[in-house]
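As structure tokens, the structure follows; a few thoughts come after it.
The values are calculated or read from the model by the stated rules, or taken from the named source; none is laboratory data. As the structure is a prediction and not an experimental result, all values here were calculated from the model. All Cβ positions, glycine included, derive from the backbone under ideal geometry; neighbour counts span all protein chains shown. The area values use the complete protein model at the heavy-atom level, side chains included, leaving out ligands, DNA and RNA. Shrake-Rupley method; radii C 1.70, N 1.55, O 1.52, S 1.80 Å.
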Amino acid sequence: MASKFGLAGGIPERRVRPIWDAIDSRQFKNALKHSTSLLAKCPNSPYALALKSLILERMGKSDEALSVCLNAKDLLYKNDSLLMDDLTLSTLQIVFQRLDRLDLATGCYEYACSKFPSNLDLMMGLFNCYVREYSFVKQQQTAIKMYKLVGEERFLLWAVCSIQLQVFCGNGGEKLAMLAEGLLKKHVASHSLHEPEALIVYISILEQQARYGDALEILSGKLGSLLIIEVDKLRIQGKLLARSGDYATGADIYEKILELCPDDWECFLHYLGCLLEDGSSWSNGVHNDPINPQKSVDCKVSQLPDEVFHSRISTSLAFVKKLQADTSDDFIRCPYLAILEIERRKKLHGKGNDDDIVEALMLYFLKFGHLASFSSDVEAFLQVLTPDKKTEFLAKLMKTLDSPATVPTKALGQSITIFKIQELTGNLYKLPCAWCVFLLHTYTCLPYATSKLHNPLKLESCAVQMVKMYCKSLPLSKDLDPQESMHGEELLSMVCNVLVQLFWRTRHLGYFIEAIMVLEFGLTIRRYIWQYKILLLHLYSHLGVISLAYEWYKSLDMKNILMETVSHHILPQMLASPLWGDLNNLLKDYLKFMDDHFRESADLTFLAYRHRNYSKVIEFVQFKERLQRSNQYLVARVETSVLQLKQNADNIEEEEDVLKNLNSGVHFVELSNEIGSKTLTFNEDFHSRPWWTPTTEKNYLLGPFEGLSYCPKENLTKEREENVRRVVEKKSLLPRMIYLSIHSASASLKESVEENGSKSGSKISSELKFLLEHHAKMLGYSLSDAVEVVMGVSSGVKSFEAFGSDEIDWINFAVFLNAWNLNSHEPLQPDRDQCSRGIWHVVDTLLVKYISEKIKSMESLVCSPRVDLPILVQLVTEPLAWHGLVIQSCVRSSLPSGKKKKKGGSMDRHSSLVLNGVRDSIQSLCDILKEVAKWIRGQIDRPEDESVENILSSLRKKEQDEGPGRVFHVLESLIPSINEAEHGGRICQELKTWSALDVARKIVTGDSTLLSQFLNICESKIKSFQALKQQIAQI
């Protein structure tokens, strides 16, 4: 701020500097003291008031800050001479922005610019305000005024960027692009262009109009000299030629680029696309998704005649071999990977064969097989091979190990690559045991018995060999820094995958626990391996120990945009857990990042304008638009409100306060109605998820073994979008339906109930019925059919399977149906009196039966993962909680009141029936909650040593035995044999701290923590129902 000091508002710099120094050092009390002293001397100074408001806002006194800001604004409006002080206006803008009152800051600048239309500083301040408001049209208008005022190129480009933003983010079109082109053409004619970014903007405007020839002409002219880096100029030229259909010249340009940058894989794909006249890479419809990038296999099959195709392929092969000959760097992969792409294109055209692809794969393996990237490099090419050819390729890979590499790290890398290829193709689970044994022998030079080569493979034998290889590779990493990747650390991830596969096949929990032990062991040696942490997170989640899963998620230390792309690993599990405090922190941190970014992203945009980086202007705005349409952001907003309702459901007064803050749920109903037309973005990085749960909605381990050994991670965006819309649509109705249910229950025992004097009981009933119909429609039924399903399941005529996977939504429906029925004049059954009692009974029966069923289905932790625990938690915290609110509303309305009118006999009879249903419900819910609490206590009170022993007992197997424990035995036997000379001091020290007993104890403790939180929720509800029982006894 020192550059802005001076006579701001007539105040000398020496009086202002101490205030800014105190603000910069966050000594706000001291700053306020200096500010008060300054105001005593300059009481009518808008700048002094602006400084005080800034200090008050930083101290969290928002109301006072706004009041002082408004006083400063009024003083500015009274004295036009003060309006020219941009420092005062910019200080007020900072405060107004932080108070979410950008409209007031914009108003100040608009007023100042109307008084001083030739003041460039004020106009730039106004432009900044419009940037913050994303008012692209007003940005354009203001930039044009500045350009006309001073004629600077940067202001013209500000206007052009604002026009482009209207096209990209609004409903602009060809006319706007023509306007931007006209402005640039006129400026070029009179002043030319002087900035590389200006040329790039000009070319992009012409591209939008598909005027590639004109863009090429400009690039080839004098303006092209603005691009100093030749390769950048060639890339733009190649793209323009390809999009214009001049593929031959485009191929020549891309050849030049590859000669300069031989490892540019994207450039080679463009080169091959030009040769084969495949324009899919440059089509306007291509969506460059940074999260789910387009794969090379998505290219079009060439329609060229066979002779032309053969000639073009020969040309590309000759050029690639020339690149290989001219390249001396052993780390440049593109010219060798290019051979594979050429063979794949031949195969797609019908002129290639699998043998050529296998041969090319082998050549690539011999040169780069030791690299960790090998399997991802060749994945697309393996997909075009037949299963037999994949097996043949693996056989050839094994033969190469007859003469292993002399460098140990390279030999290890090749062995790991073969395991990865086996895992990638699914052959890891089919090949004979000799493969794994041979790999171990090749790397470690251990003897192996040839008589075992023909034994059938047991998956655990393969896992054992990989763990032994990992143990033998530890000395290679003894001199590495703890934050450096260790040699062979991928092996433990593959071992985990094999053990989970065994668990899925056999349902033996020992394999699952063994997978956990393997990863915990690896993290003991090096705690920075994020792949292990994500695998552990999902293992603990499936086991039901969400508290440990959340601890590992926190250890990932996700910040900024990673919260958007990585939180999908834990958020769905947390939403169904009783860890409300941790869930609240998770949602709060995520929403804070998103809201802060939305508020501050305009700062980055204006900074890009100031630094004349116009491509970043577009990028920053589009990125902000993408985040605003994030499906995860939408879910988090809805779930945050639902969590507040859950946390306060035991006290109806507190619940009503929450609902008041949520505008009685009206906003969420609007969201539910609009969700169908919203375009959602999916920014989650699903490539980091384990094979058994490729998306948040899919978990293979919950179903029967399907014979899958390799589960390709397909792009399921369309399916996920439909699911997210459905979930958000249903969840968004909850706040309003809860609000209406509370008031409907109250109205059933009164003559009417009003909200702000405008909502009668009949209107409440009508709206609630409408939402019930909407809810039933989302479940796939009409209201009457949905009622029939609920009645049938409650009476036992139908099983709970009739609810499908939407059991929570169905029971929620029954709860709200009961609340509507209490105040409705449309009986669901012919006998109105029976209906009043019958619906209460239906809800009670559903809750009791379903909760009891879930309790019985869950055994001890060491017997099976508690997959039903999340459902049990949801039953208690959602439908049972909402039903409890209906009960609380009825009890509160039934209590004697001094102003309560006496009712007639028919009303008394109806009230008596309702209260009888309430009494029965209270007793029924109290009893089932006590049963849940008893089950939880039984789990928590189990002796810790007994639980730990049960976990470890499934792993204590001798090496020659089959079943879980063999991998674990290898790890246990390693620890006594380690020595500092061979393994290094750090690894030895870390290994001595590892204990399987500690891991088992951690599992038991984590499970107890989770159940204790659930027990607290149940006990709170029991206490609430017991209080209701005492109250209703007085009626």
- Just one of the numbered conditions (1) surrounded by fewer than 24 Cβ atoms within 10 Å (Cβ to Cβ); (2) in contact (Cβ under 8 Å) with a residue 40 or more places away in the chain; (3) outside the structural domain of SER192 (by TED's automatic domain parsing) is not true of GLY151; which one? (3)
- Item | Failed condition for VAL545, given (1) open to solvent by less than 10 Å² (accessible area, probe 1.4 Å); (2) out of contact with any Gly (no Cβ under 6 Å at 6 or more places or on another chain) | (2)
- Of (1) surrounded by fewer than 19 Cβ atoms within 10 Å (Cβ to Cβ); (2) closer than 30 Å to ALA819 by Cβ; (3) in contact with a helix residue (DSSP H, G or I) (Cβ under 8 Å, 6 or more places away or on another chain), LEU991 satisfies all except one. Which? (2)
- Query: LEU491 is checked against (1) among the hydrophobic types (A, V, I, L, M, F, W, C); (2) within 23 Å of LEU1011 (Cα to Cα); (3) buried (at least 22 other Cβ atoms within 10 Å of the Cβ) and fails just one. What number does that condition carry?
  - Reply: (2)
- Boolean, SER461 is modelled with pLDDT of 55 or more and not charged (D, E, K, R): yes
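Condition check: in contact with a Pro (Cβ under 6 Å, 6 or more places away or on another chain) and open to solvent by less than 10 Å² (accessible area, probe 1.4 Å). Does ILE811 satisfy that? Write out each step before concluding.
Working: in contact with a Pro (Cβ under 6 Å, 6 or more places away or on another chain): yes; open to solvent by less than 10 Å² (accessible area, probe 1.4 Å): yes.
Criteria met by ILE811.
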- Message: Here are the criteria: (1) touching a residue at least 60 places away in the same chain (Cβ under 8 Å); (2) open to solvent by less than 20 Å² (accessible area, probe 1.4 Å). Tell me which single one THR695 does not satisfy.
- Response: (1)
- Item | Members of the range 481-512 that are of a type in the set (A, V, I, L, M) and in a helix (DSSP H, G or I) | LEU491, LEU492, MET494, VAL495, VAL498, LEU499, VAL500, LEU502, LEU509
- Message: Can you find a residue that is surrounded by 19 or more Cβ atoms within 10 Å (Cβ to Cβ), closer than 23 Å to ASN683 by Cβ, under 15 Å from the mean Cα position of the chain (by Cα) and among the polar types (S, T, N, Q) anywhere in the range 632-648?
- Response: yes
- Message: Would you confirm whether or not the range 982-989 contains a residue that is at pLDDT below 85, part of a loop (DSSP other than H, G, I, E, B) and either under 26 Å from VAL518 (Cβ atoms) or in contact with a strand residue (DSSP E or B) (Cβ under 7 Å, 6 or more places away or on another chain) (or both)?
- Response: yes
- Message: I need the full set of residues from the range 248-263 which are farther than 14 Å from LEU216 by Cβ and surrounded by 18 or more Cβ atoms within 10 Å (Cβ to Cβ), in order please.
- Response: ALA251, TYR254, GLU255, ILE257, LEU258, PRO262
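Which residue, of ALA215, ALA210, ALA180, is at pLDDT below 90, in the same structural domain as LEU157 (by TED's automatic domain parsing), of a type in the set (Gly, Ala, Ser) and open to solvent by less than 20 Å² (accessible area, probe 1.4 Å)?
On the way: ALA215 fails: at pLDDT below 90; ALA210 fails: open to solvent by less than 20 Å² (accessible area, probe 1.4 Å).
Just a single option satisfies the conditions, and that option is ALA180.
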- Item | Top-ranked residue of the range 72-125 - restricted to ones that are β-branched (Val, Ile, Thr) and either in contact with a strand residue (DSSP E or B) (Cβ under 7 Å, 6 or more places away or on another chain) or surrounded by fewer than 19 Cβ atoms within 10 Å (Cβ to Cβ) (or both), ranked as modelled with the lowest pLDDT | THR88
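Which one of these is crowded, with 20+ Cβ neighbours inside 10 Å, under 18 Å from GLY703 (Cα atoms) and more than 28 Å from the chain's Cα centre (by Cα): TYR511, TYR470? Give the derivation first.
Values: TYR470 fails: under 18 Å from GLY703 (Cα atoms).
Exactly one of TYR511, TYR470 is crowded, with 20+ Cβ neighbours inside 10 Å, under 18 Å from GLY703 (Cα atoms) and more than 28 Å from the chain's Cα centre (by Cα), namely TYR511.
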- Query: LYS390: closer than 19 Å to LEU337 by Cα, more than 37 Å from the chain's Cα centre (by Cα) and open to solvent by 20 Å² or more (accessible area, probe 1.4 Å), yes or no?
  - Reply: no
- Message: Please pick out the residue among GLU625, GLU619, GLU655 that is among the charged types (D, E, K, R) and crowded, with 17+ Cβ neighbours inside 10 Å.
- Response: GLU655
- Query: If you go through the range 658-673, how many residues are loosely packed, with under 13 Cβ neighbours inside 10 Å and of a type in the set (D, E, K, R)?
  - Reply: 1
- Query: Quick one: in the range 32-48, which of the residues that are free of Cβ contacts under 8 Å to residues at least 24 places away in the same chain and crowded, with 21+ Cβ neighbours inside 10 Å is nearest to ASP86 (Cα to Cα)?
  - Reply: SER35
- Message: Anything in the range 328-354 that is at pLDDT below 90 and open to solvent by 50 Å² or more (accessible area, probe 1.4 Å)? List them, or say none.
- Response: SER328, ASP329, ASP330, PHE331, LYS347, LEU348, GLY350, LYS351, ASN353
- Close pairs (7 angstrom Cβ cut-off, 6 or more residues apart or separate chains): farther than 27 Å from ILE1017 by Cβ and without any contact (Cβ under 8 Å) to a residue 40 or more places away in the chain in the range 556-585, open to solvent by 40 Å² or more (accessible area, probe 1.4 Å) and of a type outside the set (Asp, Glu) anywhere: LEU556/TRP530
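So that you can scan it fast, the table gives a plain yes or no per residue for (1) open to solvent by 40 Å² or more (accessible area, probe 1.4 Å); (2) closer than 26 Å to ASP1007 by Cα; (3) not hydroxyl-bearing (Ser, Thr, Tyr):
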{"position": "ASP920", "(1), (2), (3)": "yes, no, yes"}
{"position": "GLN923", "(1), (2), (3)": "yes, no, yes"}
{"position": "LEU929", "(1), (2), (3)": "no, yes, yes"}
{"position": "TRP935", "(1), (2), (3)": "no, yes, yes"}
{"position": "ILE940", "(1), (2), (3)": "yes, yes, yes"}
{"position": "ASN950", "(1), (2), (3)": "yes, yes, yes"}
{"position": "HIS969", "(1), (2), (3)": "yes, yes, yes"}
- Within the bounds of the range 304-325, is there any residue that is in contact (Cβ under 8 Å) with a residue 40 or more places away in the chain, crowded, with 17+ Cβ neighbours inside 10 Å, within 16 Å of TRP265 (Cβ to Cβ) and of a type in the set (S, T, N, Q)? yes
- Task: Consider only pairs whose beta carbons are under 6 Å apart and that are at least six residues apart or on different chains; among these, list those whose first residue lies in the range 661-688 and is more than 19 Å from LYS777 (Cβ to Cβ) and whose second residue is open to solvent by less than 80 Å² (accessible area, probe 1.4 Å) and of a type in the set (Phe, Trp, Tyr).
- Result: SER664/TYR739
- Message: Against the condition open to solvent by less than 20 Å² (accessible area, probe 1.4 Å) and out of contact with any His (no Cβ under 9 Å at 6 or more places or on another chain), how does LYS1029 come out, does it pass?
- Response: no
